[in-house]
Amino acid sequence: MNANWNFDNSYARLPERFFTKIRPTPVSDPKLVVLNRSLADELGLCAEALAGEEGVAVFAGNRIPEGAEPLAQAYAGHQFGHFNMLGDGRAILLGEHVTPNGERVDIQLKGSGRTPYSRGGDGRAALGPMLREYIISEAMHALRIPTTRSLAVVTTGEVVIRDKELPGAILTRVAASHLRVGTFQYAARFLSKEELQALADYAIKRHYPNGEHAPNRYLFFLEEVMKKQAELVAKWQLVGFVHGVMNTDNMTISGETIDYGPCAFMDVYDPTTVFSSIDTQGRYAYGNQPYIAGWNIARFAESLLPLLHEKEEKAIELAQEAIAQFPTLYETYWLQGMRAKLGLCTEEAEDKKLIGELLHLMYTYRADYTNTFRALTLDEWHFCEKELCDWYTRWQKRIARQDMTKEEVYERMRQNNPAIIPRNYRVEEALAAAVERGDNTVMERLLYVLKRPYAYTKEQEEYAKPPEPSDRPYRTFCGT
Ligand code: AMP
Ligand code: MG
(Lines give C-alpha, C1' and ligand atoms only; values in the text may rest on other atoms or scores of the structure.)
(Ligands and ions follow the chains in the order given, each with its own letter.)
Protein backbone atom coordinates (compact mmCIF):
# COMPACT_ATOMS: atom_id res chain seq x y z
CA MET A 1 0.00 0.00 0.00
CA ASN A 2 1.28 3.45 -0.90
CA ALA A 3 1.03 6.30 1.59
CA ASN A 4 1.11 8.83 -1.29
CA TRP A 5 3.96 10.92 0.03
CA ASN A 6 4.81 13.57 -2.55
CA PHE A 7 7.99 15.33 -1.49
CA ASP A 8 9.48 18.42 -3.07
CA ASN A 9 12.05 20.02 -0.79
CA SER A 10 12.51 23.71 -1.43
CA TYR A 11 14.15 24.52 1.93
CA ALA A 12 16.95 22.09 1.13
CA ARG A 13 17.81 24.31 -1.87
CA LEU A 14 18.63 27.30 0.35
CA PRO A 15 22.31 28.10 1.00
CA GLU A 16 23.79 25.24 2.99
CA ARG A 17 24.36 27.10 6.24
CA PHE A 18 20.61 27.12 6.83
CA PHE A 19 20.60 23.42 7.69
CA THR A 20 22.51 20.22 8.27
CA LYS A 21 21.54 17.12 6.35
CA ILE A 22 21.03 14.38 8.88
CA ARG A 23 18.84 11.33 9.26
CA PRO A 24 16.70 10.60 12.29
CA THR A 25 18.25 8.14 14.75
CA PRO A 26 16.39 4.82 14.43
CA VAL A 27 14.42 3.56 17.43
CA SER A 28 13.99 0.02 18.70
CA ASP A 29 10.28 -0.70 18.76
CA PRO A 30 7.94 1.88 17.24
CA LYS A 31 4.21 1.69 17.93
CA LEU A 32 1.45 3.97 16.70
CA VAL A 33 -0.41 5.73 19.49
CA VAL A 34 -2.56 8.12 17.51
CA LEU A 35 -3.04 8.92 13.83
CA ASN A 36 -4.93 11.94 12.55
CA ARG A 37 -6.98 10.34 9.81
CA SER A 38 -8.87 13.47 8.81
CA LEU A 39 -5.61 15.39 8.45
CA ALA A 40 -4.15 12.53 6.42
CA ASP A 41 -7.16 12.81 4.09
CA GLU A 42 -6.76 16.59 3.80
CA LEU A 43 -3.13 16.08 2.81
CA GLY A 44 -3.96 13.47 0.21
CA LEU A 45 -2.21 10.75 2.24
CA CYS A 46 -3.53 7.24 2.67
CA ALA A 47 -4.39 6.72 6.33
CA GLU A 48 -4.43 2.93 5.99
CA ALA A 49 -0.90 2.91 4.66
CA LEU A 50 0.28 5.38 7.32
CA ALA A 51 -1.10 3.11 10.05
CA GLY A 52 0.70 0.09 8.59
CA GLU A 53 4.18 -1.08 9.45
CA GLU A 54 5.97 0.98 6.79
CA GLY A 55 3.95 4.07 7.63
CA VAL A 56 4.77 3.79 11.31
CA ALA A 57 8.45 3.22 10.47
CA VAL A 58 8.38 6.63 8.74
CA PHE A 59 6.82 8.32 11.80
CA ALA A 60 9.52 6.69 13.94
CA GLY A 61 12.37 7.90 11.75
CA ASN A 62 13.35 4.30 10.95
CA ARG A 63 12.46 4.59 7.30
CA ILE A 64 12.94 7.57 4.99
CA PRO A 65 10.13 7.79 2.45
CA GLU A 66 11.03 8.26 -1.17
CA GLY A 67 11.72 11.87 -2.04
CA ALA A 68 12.37 13.02 1.53
CA GLU A 69 15.69 14.77 2.26
CA PRO A 70 15.95 14.84 6.04
CA LEU A 71 17.66 17.81 7.60
CA ALA A 72 17.87 19.81 10.81
CA GLN A 73 17.21 23.53 10.43
CA ALA A 74 19.52 26.18 11.82
CA TYR A 75 18.05 29.10 13.72
CA ALA A 76 18.71 31.38 16.64
CA GLY A 77 16.39 33.25 18.93
CA HIS A 78 15.74 35.30 22.02
CA GLN A 79 14.78 32.97 24.86
CA PHE A 80 13.22 34.99 27.70
CA GLY A 81 14.94 38.03 26.21
CA HIS A 82 18.41 36.46 25.79
CA PHE A 83 19.86 35.78 22.38
CA ASN A 84 21.08 32.20 21.73
CA MET A 85 22.12 30.05 18.82
CA LEU A 86 19.54 27.26 18.61
CA GLY A 87 18.38 25.05 15.73
CA ASP A 88 16.48 21.78 15.52
CA GLY A 89 18.00 20.00 18.48
CA ARG A 90 15.42 17.25 18.61
CA ALA A 91 13.53 17.60 15.36
CA ILE A 92 14.17 16.68 11.77
CA LEU A 93 12.43 18.04 8.71
CA LEU A 94 11.75 15.08 6.44
CA GLY A 95 10.87 17.45 3.64
CA GLU A 96 7.89 19.23 2.10
CA HIS A 97 4.87 17.26 1.04
CA VAL A 98 2.84 18.78 -1.78
CA THR A 99 -0.85 17.94 -1.47
CA PRO A 100 -3.11 17.12 -4.42
CA ASN A 101 -4.36 20.74 -4.19
CA GLY A 102 -0.84 22.01 -4.62
CA GLU A 103 -0.45 23.10 -1.00
CA ARG A 104 3.09 22.72 0.36
CA VAL A 105 3.56 21.58 3.98
CA ASP A 106 6.57 20.72 6.10
CA ILE A 107 6.64 17.22 7.54
CA GLN A 108 8.71 17.28 10.70
CA LEU A 109 9.55 14.59 13.21
CA LYS A 110 9.88 15.93 16.75
CA GLY A 111 11.85 13.77 19.16
CA SER A 112 13.82 12.04 16.41
CA GLY A 113 17.31 12.06 17.91
CA ARG A 114 20.36 14.23 18.32
CA THR A 115 21.53 16.74 15.72
CA PRO A 116 24.46 19.18 15.58
CA TYR A 117 22.11 21.71 17.26
CA SER A 118 21.25 19.52 20.26
CA ARG A 119 23.70 21.24 22.64
CA GLY A 120 23.40 19.21 25.86
CA GLY A 121 20.05 17.62 24.99
CA ASP A 122 19.29 14.00 24.11
CA GLY A 123 17.29 14.86 20.98
CA ARG A 124 14.35 12.91 22.30
CA ALA A 125 10.84 13.63 23.56
CA ALA A 126 8.52 11.95 26.05
CA LEU A 127 5.07 10.61 25.27
CA GLY A 128 3.13 12.97 27.56
CA PRO A 129 4.36 16.24 26.01
CA MET A 130 3.98 14.91 22.44
CA LEU A 131 0.38 13.89 23.10
CA ARG A 132 -0.19 17.22 24.76
CA GLU A 133 0.98 19.01 21.61
CA TYR A 134 -1.25 16.72 19.54
CA ILE A 135 -4.35 17.46 21.62
CA ILE A 136 -3.87 21.20 21.96
CA SER A 137 -2.75 21.90 18.40
CA GLU A 138 -5.74 19.99 17.04
CA ALA A 139 -8.03 21.84 19.45
CA MET A 140 -6.58 25.14 18.24
CA HIS A 141 -7.19 24.17 14.64
CA ALA A 142 -10.81 23.32 15.45
CA LEU A 143 -11.09 26.73 17.15
CA ARG A 144 -10.10 28.23 13.75
CA ILE A 145 -6.76 29.47 15.02
CA PRO A 146 -3.81 29.14 12.62
CA THR A 147 -1.53 26.43 13.93
CA THR A 148 0.87 23.66 13.06
CA ARG A 149 -0.98 20.35 12.93
CA SER A 150 -0.30 16.93 14.39
CA LEU A 151 -0.39 13.95 12.09
CA ALA A 152 0.71 11.15 14.40
CA VAL A 153 2.41 10.19 17.63
CA VAL A 154 4.40 6.97 17.94
CA THR A 155 6.17 5.53 20.95
CA THR A 156 9.77 4.51 20.36
CA GLY A 157 10.05 1.51 22.68
CA GLU A 158 12.85 3.41 24.46
CA VAL A 159 12.83 5.45 27.62
CA VAL A 160 13.84 9.06 27.97
CA ILE A 161 15.29 10.28 31.21
CA ARG A 162 13.85 13.46 32.65
CA ASP A 163 13.26 13.76 36.39
CA LYS A 164 12.28 10.10 36.01
CA GLU A 165 12.19 7.53 33.22
CA LEU A 166 9.42 8.20 30.72
CA PRO A 167 8.26 6.46 27.55
CA GLY A 168 9.91 8.01 24.50
CA ALA A 169 7.77 9.25 21.61
CA ILE A 170 7.93 11.10 18.31
CA LEU A 171 5.36 13.57 17.02
CA THR A 172 4.89 14.12 13.30
CA ARG A 173 4.19 17.79 12.89
CA VAL A 174 2.73 19.40 9.79
CA ALA A 175 3.32 23.11 9.20
CA ALA A 176 2.97 25.71 6.47
CA SER A 177 6.71 25.99 7.13
CA HIS A 178 9.09 26.09 10.06
CA LEU A 179 10.53 29.49 9.17
CA ARG A 180 10.75 31.47 12.38
CA VAL A 181 11.68 34.98 13.44
CA GLY A 182 14.71 33.14 14.83
CA THR A 183 15.66 31.88 11.36
CA PHE A 184 16.00 35.51 10.26
CA GLN A 185 17.89 36.42 13.41
CA TYR A 186 20.31 33.58 12.68
CA ALA A 187 20.90 34.81 9.12
CA ALA A 188 21.24 38.45 10.19
CA ARG A 189 23.71 37.62 12.95
CA PHE A 190 25.85 34.85 11.45
CA LEU A 191 25.45 34.82 7.66
CA SER A 192 26.07 37.20 4.76
CA LYS A 193 23.64 39.76 3.40
CA GLU A 194 23.22 37.55 0.31
CA GLU A 195 22.21 34.60 2.46
CA LEU A 196 19.78 36.76 4.45
CA GLN A 197 18.30 37.99 1.19
CA ALA A 198 17.99 34.42 -0.13
CA LEU A 199 16.04 33.52 3.00
CA ALA A 200 13.75 36.55 2.72
CA ASP A 201 13.10 35.91 -0.98
CA TYR A 202 12.35 32.31 -0.16
CA ALA A 203 9.90 33.23 2.62
CA ILE A 204 8.16 35.81 0.43
CA LYS A 205 7.76 33.34 -2.40
CA ARG A 206 6.46 30.65 -0.06
CA HIS A 207 4.14 32.69 2.16
CA TYR A 208 3.59 36.17 0.73
CA PRO A 209 3.87 35.80 -3.04
CA ASN A 210 2.00 39.09 -3.59
CA GLY A 211 5.10 40.83 -2.32
CA GLU A 212 7.29 39.67 -5.14
CA HIS A 213 6.35 42.73 -7.16
CA ALA A 214 5.94 45.25 -4.35
CA PRO A 215 8.06 48.43 -4.63
CA ASN A 216 9.91 47.49 -1.43
CA ARG A 217 9.29 43.77 -1.12
CA TYR A 218 11.07 43.46 2.25
CA LEU A 219 9.02 46.22 3.80
CA PHE A 220 5.91 44.59 2.40
CA PHE A 221 7.09 41.30 3.90
CA LEU A 222 7.63 42.88 7.33
CA GLU A 223 4.16 44.44 7.24
CA GLU A 224 2.48 41.20 6.20
CA VAL A 225 4.17 39.16 8.93
CA MET A 226 3.12 41.85 11.41
CA LYS A 227 -0.51 41.56 10.31
CA LYS A 228 -0.45 37.79 10.57
CA GLN A 229 1.06 37.88 14.04
CA ALA A 230 -1.28 40.61 15.27
CA GLU A 231 -4.22 38.59 14.05
CA LEU A 232 -2.88 35.39 15.57
CA VAL A 233 -2.24 36.81 19.02
CA ALA A 234 -5.65 38.50 18.98
CA LYS A 235 -7.16 35.06 18.39
CA TRP A 236 -5.19 33.63 21.30
CA GLN A 237 -6.46 36.39 23.58
CA LEU A 238 -10.03 35.87 22.44
CA VAL A 239 -10.06 32.19 23.49
CA GLY A 240 -7.85 32.62 26.57
CA PHE A 241 -4.87 30.71 25.21
CA VAL A 242 -1.55 31.23 27.00
CA HIS A 243 1.33 30.14 24.77
CA GLY A 244 3.80 30.16 27.61
CA VAL A 245 7.08 30.42 25.73
CA MET A 246 6.89 33.19 23.14
CA ASN A 247 10.60 33.15 22.41
CA THR A 248 11.46 34.50 18.96
CA ASP A 249 12.31 31.00 17.73
CA ASN A 250 8.75 29.98 18.56
CA MET A 251 7.19 32.64 16.37
CA THR A 252 6.55 31.64 12.79
CA ILE A 253 6.79 33.70 9.62
CA SER A 254 3.64 32.01 8.30
CA GLY A 255 1.57 33.20 11.29
CA GLU A 256 0.85 29.74 12.66
CA THR A 257 0.98 28.93 16.36
CA ILE A 258 3.98 26.71 16.99
CA ASP A 259 5.64 24.84 19.82
CA TYR A 260 3.10 23.64 22.32
CA GLY A 261 5.39 23.26 25.30
CA PRO A 262 4.02 24.83 28.45
CA CYS A 263 0.89 26.33 26.88
CA ALA A 264 -2.55 26.08 28.51
CA PHE A 265 -5.97 27.70 28.49
CA MET A 266 -6.96 30.16 31.18
CA ASP A 267 -9.94 29.28 33.38
CA VAL A 268 -10.64 32.29 35.61
CA TYR A 269 -10.09 35.56 33.75
CA ASP A 270 -6.87 37.08 35.01
CA PRO A 271 -4.35 38.89 32.79
CA THR A 272 -1.48 37.81 35.07
CA THR A 273 -2.15 34.13 34.36
CA VAL A 274 1.08 32.17 33.89
CA PHE A 275 1.24 28.38 33.73
CA SER A 276 4.85 27.69 32.83
CA SER A 277 6.95 26.65 35.81
CA ILE A 278 10.00 28.43 34.39
CA ASP A 279 8.30 31.76 33.66
CA THR A 280 8.93 33.08 37.14
CA GLN A 281 8.81 36.74 36.10
CA GLY A 282 5.55 36.38 34.17
CA ARG A 283 7.17 37.58 30.94
CA TYR A 284 4.76 35.45 28.93
CA ALA A 285 1.64 35.99 31.06
CA TYR A 286 -1.71 36.06 29.25
CA GLY A 287 -2.01 39.84 29.40
CA ASN A 288 1.55 40.35 28.13
CA GLN A 289 1.20 38.31 24.97
CA PRO A 290 0.31 41.21 22.65
CA TYR A 291 3.29 43.26 23.91
CA ILE A 292 5.65 40.32 23.55
CA ALA A 293 4.42 39.74 20.00
CA GLY A 294 5.29 43.39 19.31
CA TRP A 295 8.71 42.91 20.91
CA ASN A 296 9.34 39.86 18.75
CA ILE A 297 8.26 41.74 15.64
CA ALA A 298 10.79 44.42 16.51
CA ARG A 299 13.51 41.71 16.58
CA PHE A 300 12.25 40.52 13.19
CA ALA A 301 12.39 44.06 11.79
CA GLU A 302 15.96 44.45 13.09
CA SER A 303 17.04 41.33 11.29
CA LEU A 304 15.59 42.68 8.04
CA LEU A 305 17.34 46.08 8.29
CA PRO A 306 20.08 45.34 5.72
CA LEU A 307 17.35 44.55 3.18
CA LEU A 308 14.94 47.39 3.94
CA HIS A 309 17.20 50.12 2.56
CA GLU A 310 20.84 50.42 1.62
CA LYS A 311 21.26 53.41 3.96
CA GLU A 312 21.07 52.17 7.53
CA GLU A 313 19.42 55.31 8.85
CA LYS A 314 16.66 55.12 6.29
CA ALA A 315 16.22 51.38 6.96
CA ILE A 316 15.75 52.07 10.68
CA GLU A 317 13.23 54.79 9.91
CA LEU A 318 11.21 52.44 7.69
CA ALA A 319 11.31 49.66 10.26
CA GLN A 320 10.25 51.98 13.08
CA GLU A 321 7.37 53.39 11.10
CA ALA A 322 6.18 49.89 10.33
CA ILE A 323 6.41 48.41 13.81
CA ALA A 324 4.78 51.46 15.37
CA GLN A 325 1.59 50.19 13.72
CA PHE A 326 1.61 46.90 15.56
CA PRO A 327 -0.42 47.91 18.66
CA THR A 328 -3.17 49.46 16.51
CA LEU A 329 -3.25 46.47 14.21
CA TYR A 330 -3.54 44.13 17.15
CA GLU A 331 -6.28 46.15 18.75
CA THR A 332 -8.27 46.26 15.54
CA TYR A 333 -8.26 42.46 15.25
CA TRP A 334 -8.98 42.02 18.93
CA LEU A 335 -11.86 44.49 18.96
CA GLN A 336 -13.36 42.90 15.89
CA GLY A 337 -13.18 39.50 17.62
CA MET A 338 -14.62 40.81 20.89
CA ARG A 339 -17.52 42.46 19.10
CA ALA A 340 -18.26 39.13 17.45
CA LYS A 341 -18.14 37.37 20.84
CA LEU A 342 -20.73 39.80 22.14
CA GLY A 343 -22.94 39.45 19.10
CA LEU A 344 -22.25 42.96 17.83
CA CYS A 345 -22.27 43.56 14.11
CA THR A 346 -22.20 47.34 14.16
CA GLU A 347 -19.51 49.56 15.64
CA GLU A 348 -20.11 52.10 18.36
CA ALA A 349 -17.51 54.26 20.01
CA GLU A 350 -18.46 52.95 23.46
CA ASP A 351 -17.97 49.26 22.53
CA LYS A 352 -14.41 49.13 23.80
CA LYS A 353 -15.55 50.48 27.14
CA LEU A 354 -18.38 47.96 27.36
CA ILE A 355 -15.95 45.11 26.67
CA GLY A 356 -13.41 46.47 29.13
CA GLU A 357 -16.07 46.64 31.84
CA LEU A 358 -17.05 43.03 31.28
CA LEU A 359 -13.43 41.89 31.53
CA HIS A 360 -12.94 43.95 34.64
CA LEU A 361 -16.02 42.40 36.24
CA MET A 362 -14.84 38.93 35.28
CA TYR A 363 -11.54 39.70 36.97
CA THR A 364 -13.19 41.12 40.09
CA TYR A 365 -15.62 38.22 40.50
CA ARG A 366 -13.10 35.56 39.42
CA ALA A 367 -15.39 34.42 36.65
CA ASP A 368 -14.43 31.66 34.25
CA TYR A 369 -13.47 33.31 30.96
CA THR A 370 -14.86 30.76 28.49
CA ASN A 371 -17.99 30.04 30.49
CA THR A 372 -18.90 33.70 30.95
CA PHE A 373 -19.18 34.02 27.18
CA ARG A 374 -20.82 30.62 27.03
CA ALA A 375 -23.46 31.78 29.50
CA LEU A 376 -24.11 34.94 27.49
CA THR A 377 -24.36 32.89 24.30
CA LEU A 378 -26.81 30.42 25.78
CA ASP A 379 -28.74 33.21 27.49
CA GLU A 380 -27.95 31.60 30.85
CA TRP A 381 -26.59 34.67 32.60
CA HIS A 382 -27.60 34.06 36.20
CA PHE A 383 -25.50 36.46 38.20
CA CYS A 384 -27.17 38.27 41.06
CA GLU A 385 -24.44 40.84 41.82
CA LYS A 386 -25.74 44.29 40.98
CA GLU A 387 -22.71 45.36 38.93
CA LEU A 388 -23.03 42.30 36.74
CA CYS A 389 -26.74 42.79 36.25
CA ASP A 390 -26.16 46.42 35.32
CA TRP A 391 -23.57 45.41 32.76
CA TYR A 392 -25.94 42.82 31.32
CA THR A 393 -28.67 45.44 30.94
CA ARG A 394 -26.28 47.80 29.14
CA TRP A 395 -25.25 44.99 26.81
CA GLN A 396 -28.87 44.06 26.09
CA LYS A 397 -29.57 47.68 25.20
CA ARG A 398 -26.52 47.72 22.96
CA ILE A 399 -27.57 44.65 20.98
CA ALA A 400 -31.07 46.06 20.67
CA ARG A 401 -29.61 49.07 18.83
CA GLN A 402 -28.61 46.98 15.80
CA ASP A 403 -30.77 45.75 13.02
CA MET A 404 -30.64 42.08 13.95
CA THR A 405 -33.08 39.68 15.54
CA LYS A 406 -32.25 38.14 18.89
CA GLU A 407 -31.81 34.77 17.15
CA GLU A 408 -29.28 36.27 14.75
CA VAL A 409 -27.35 37.81 17.63
CA TYR A 410 -27.20 34.51 19.49
CA GLU A 411 -26.23 32.66 16.32
CA ARG A 412 -23.36 35.08 15.78
CA MET A 413 -22.27 34.47 19.36
CA ARG A 414 -22.36 30.70 18.95
CA GLN A 415 -20.08 31.04 15.96
CA ASN A 416 -17.60 33.04 17.98
CA ASN A 417 -17.67 31.64 21.51
CA PRO A 418 -16.47 28.09 21.91
CA ALA A 419 -18.71 25.79 23.92
CA ILE A 420 -15.56 24.07 25.11
CA ILE A 421 -11.81 24.48 25.28
CA PRO A 422 -9.23 21.85 26.25
CA ARG A 423 -9.52 22.32 30.01
CA ASN A 424 -6.27 21.62 31.76
CA TYR A 425 -7.69 18.95 34.06
CA ARG A 426 -9.26 17.18 31.10
CA VAL A 427 -5.97 17.22 29.20
CA GLU A 428 -4.13 15.90 32.27
CA GLU A 429 -6.69 13.15 32.76
CA ALA A 430 -6.30 12.05 29.11
CA LEU A 431 -2.51 12.10 29.34
CA ALA A 432 -2.44 10.16 32.60
CA ALA A 433 -4.62 7.41 31.12
CA ALA A 434 -2.50 7.19 27.96
CA VAL A 435 0.93 7.44 29.53
CA GLU A 436 0.46 5.61 32.82
CA ARG A 437 -2.11 3.00 31.83
CA GLY A 438 -1.72 2.72 28.06
CA ASP A 439 -5.42 3.60 27.78
CA ASN A 440 -6.03 5.99 24.87
CA THR A 441 -9.81 6.03 25.10
CA VAL A 442 -9.94 9.06 27.43
CA MET A 443 -7.84 11.05 24.97
CA GLU A 444 -9.82 9.85 21.96
CA ARG A 445 -13.04 11.01 23.54
CA LEU A 446 -11.52 14.37 24.41
CA LEU A 447 -10.21 14.78 20.85
CA TYR A 448 -13.66 13.94 19.57
CA VAL A 449 -15.52 16.58 21.58
CA LEU A 450 -12.84 19.19 20.84
CA LYS A 451 -13.27 18.73 17.12
CA ARG A 452 -16.39 20.93 16.92
CA PRO A 453 -16.01 23.57 19.61
CA TYR A 454 -18.76 25.77 18.19
CA ALA A 455 -21.33 23.00 17.94
CA TYR A 456 -22.79 23.24 21.48
CA THR A 457 -23.67 19.54 21.64
CA LYS A 458 -25.08 17.75 24.65
CA GLU A 459 -22.01 15.54 24.99
CA GLN A 460 -19.78 18.62 25.31
CA GLU A 461 -21.52 19.81 28.47
CA GLU A 462 -19.49 17.55 30.73
CA TYR A 463 -16.31 18.97 29.21
CA ALA A 464 -17.38 22.58 29.63
CA LYS A 465 -17.22 22.40 33.41
CA PRO A 466 -14.46 24.45 34.97
CA PRO A 467 -12.05 22.68 37.33
CA GLU A 468 -12.83 22.22 41.01
CA PRO A 469 -11.43 25.18 42.93
CA SER A 470 -7.89 24.43 44.02
CA ASP A 471 -5.42 26.23 46.24
CA ARG A 472 -2.58 25.17 43.94
CA PRO A 473 -2.29 26.94 40.59
CA TYR A 474 -2.01 24.75 37.49
CA ARG A 475 1.60 24.40 36.36
CA THR A 476 3.06 23.29 33.04
CA PHE A 477 6.57 22.25 32.08
CA CYS A 478 8.57 22.63 28.88
CA GLY A 479 8.52 19.35 27.01
CA THR A 480 12.27 18.87 27.15
P1 AMP B 1 11.76 24.55 22.63
O2 AMP B 1 11.68 24.86 24.07
O3 AMP B 1 11.09 23.27 22.23
O4 AMP B 1 11.34 25.70 21.76
O5 AMP B 1 13.29 24.29 22.33
C6 AMP B 1 14.29 25.28 22.40
C7 AMP B 1 15.59 24.74 21.84
O8 AMP B 1 16.05 23.63 22.61
C9 AMP B 1 15.48 24.24 20.41
O10 AMP B 1 16.72 24.49 19.78
C11 AMP B 1 15.28 22.75 20.61
O12 AMP B 1 15.64 22.00 19.48
C13 AMP B 1 16.20 22.48 21.79
N14 AMP B 1 15.77 21.28 22.55
C15 AMP B 1 14.68 21.14 23.30
N16 AMP B 1 14.63 19.91 23.86
C17 AMP B 1 15.72 19.24 23.42
C18 AMP B 1 16.24 17.92 23.64
N19 AMP B 1 15.63 17.04 24.42
N20 AMP B 1 17.39 17.60 23.01
C21 AMP B 1 18.04 18.48 22.23
N22 AMP B 1 17.60 19.72 22.00
C23 AMP B 1 16.45 20.12 22.59
MG1 MG C 1 10.99 25.91 19.85
**Residue-averaged 222 nm ellipticity for the chain, from DSSP H runs of 4+ at -39500 (n - 2.57), nearest 500** = -13500 deg cm²/dmol
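Before I look further, what does the range 424-464 give for accessible area per residue, probe 1.4 Å, in whole square angstrom? Please report the intermediate quantities before stating the final value.
Working: 2130 Å² over 41 residues.
Result: 52 Å² per residue.
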**Prompt:** Rounded, prolate or oblate: which fits the chain, taking a ≥ b ≥ c as square roots of the Cα gyration tensor eigenvalues, rounded meaning a/c under 1.5, else prolate when a/b beats b/c?
**Reply:** oblate
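Taking 8 Å as the Cα distance limit and 6 or more residues as the minimum spacing, I'd like the relative contact order of the range 11-175 as a percentage.
Across the range 11-175, relative contact order equals 25 percent.
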**Request:** Any chance you could check the Cα centroid distance between the range 330-375 and the range 415-480 for me, in angstrom?
**Result:** 24 Å
**Most to least accessible of Tyr392, Tyr75 (protein chains only, probe 1.4 Å)** = Tyr392, Tyr75
**Item:** Fully extended contour minus Cα-Cα distance, from Gln336 to Ser28, at 0.36 nm per residue
**Value:** 105.8 nm
**Asked** Where a ≥ b ≥ c are the square roots of the eigenvalues of the C-alpha gyration tensor, would you call the range 11-175 rounded, which needs a/c under 1.5, or, failing that, prolate if a/b is larger than b/c, or oblate?
**Response** rounded
**Fill in**
Whole-Hz Karplus couplings 3J(HN,Hα) for the range 3-11, θ = phi - 60° and coefficients 6.51, -1.76, 1.60, Gly and Pro as x, run 6, 6, 4, 9, 8, 8, 9, 6, 4
**Asked** Using a 1.4 Å probe, how large is the accessible area of Thr25, given in Å² and rounded to the nearest 10?
**Response** 60 Å²
**Asked** What are the ³J(HN,Hα) values, in whole Hz, obtained from phi via the Karplus relation 6.51 cos²θ - 1.76 cosθ + 1.60 with θ = phi - 60°, for each residue of the range 99-106 in sequence order, with x given for Gly and Pro?
**Response** 6, x, 7, x, 7, 9, 10, 6
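According to the square roots a ≥ b ≥ c of the eigenvalues of the Cα gyration tensor, what is the shape class of the range 424-464, taking rounded for a/c under 1.5, prolate for a/b larger than b/c otherwise, and oblate for the remainder? Intermediate results must be reported in sequence, preceding the final value.
Details: a/c = 2.93, a/b = 2.24, b/c = 1.31.
Prolate, because a/c is 1.5 or more and a/b exceeds b/c.
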**Request:** Could you tell me the accessible area of Asp88 in Å² (1.4 Å probe, neighbours in place), rounded to the nearest ten?
**Result:** 0 Å²
**Request:** At 1.4 Å probe size, with no ligands or nucleic acids counted, give the accessible surface of Cys384 in Å², nearest ten.
**Result:** 120 Å²
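Summarise the accessible area of the range 424-464 (1.4 Å probe, protein heavy atoms) by the percent that is carbon and sulfur.
Details: 1060 of 2130 Å².
Within the range 424-464, the accessible surface is 50 percent carbon and sulfur.
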**Prompt:** Residue-wise, which Karplus ³J(HN,Hα) couplings in Hz belong to the range 284-295, taking 6.51 cos²θ - 1.76 cosθ + 1.60, θ = phi - 60°, and x for glycine or proline?
**Reply:** 9, 4, 2, x, 8, 4, x, 5, 5, 4, x, 4
**Request:** Express the carbon and sulfur contribution to the solvent-accessible surface of the range 198-274 as a percent, rounded to the nearest whole number, probe 1.4 angstrom.
**Result:** 51 percent
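Can you tell me the dipole magnitude for the chain around its Cα centre, using point charges on the Cβ only (Lys, Arg +1; Asp, Glu -1), in Debye to the nearest 20?
Numbers: 56 positive and 65 negative charges, 70 e Å.
I would put it at about 340 debye.
Please arrange Lys227, Lys353 by accessible surface area, largest first, computed with a 1.4 Å probe and ligands excluded.
Values: Lys227 80, Lys353 115 Å².
These residues rank, largest area first, as Lys353, Lys227.
Where both partners of a DSSP beta bridge lie in the chain, what percent of those bridges are antiparallel, to the nearest 5?
Percentage antiparallel, nearest 5: 95.
Strictly over 18 Å apart at the Cα level, which of Lys352/Lys465; Lys341/Lys406; Lys352/Lys397; Lys193/Lys228 would you flag in this model?
Lys352/Lys465; Lys193/Lys228
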**Request:** Name the residues whose placed amide hydrogens come within less than 5 Å of the amide hydrogen of Ala126, ignoring near sequence neighbours (fewer than 5 apart) on the same chain.
**Result:** Ala169
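The values are calculated or read from the model by the stated rules, or taken from the named source; none is laboratory data. On a predicted model such as this, the values are computed, not experimentally measured, just so you know. Quick reminder, even Gly has a Cβ in these numbers, built from the backbone with ideal geometry, and neighbours come from all protein chains shown. For accessibility, only protein heavy atoms count, side chains too; no ligands or nucleic acids. Shrake-Rupley method; radii C 1.70, N 1.55, O 1.52, S 1.80 Å.
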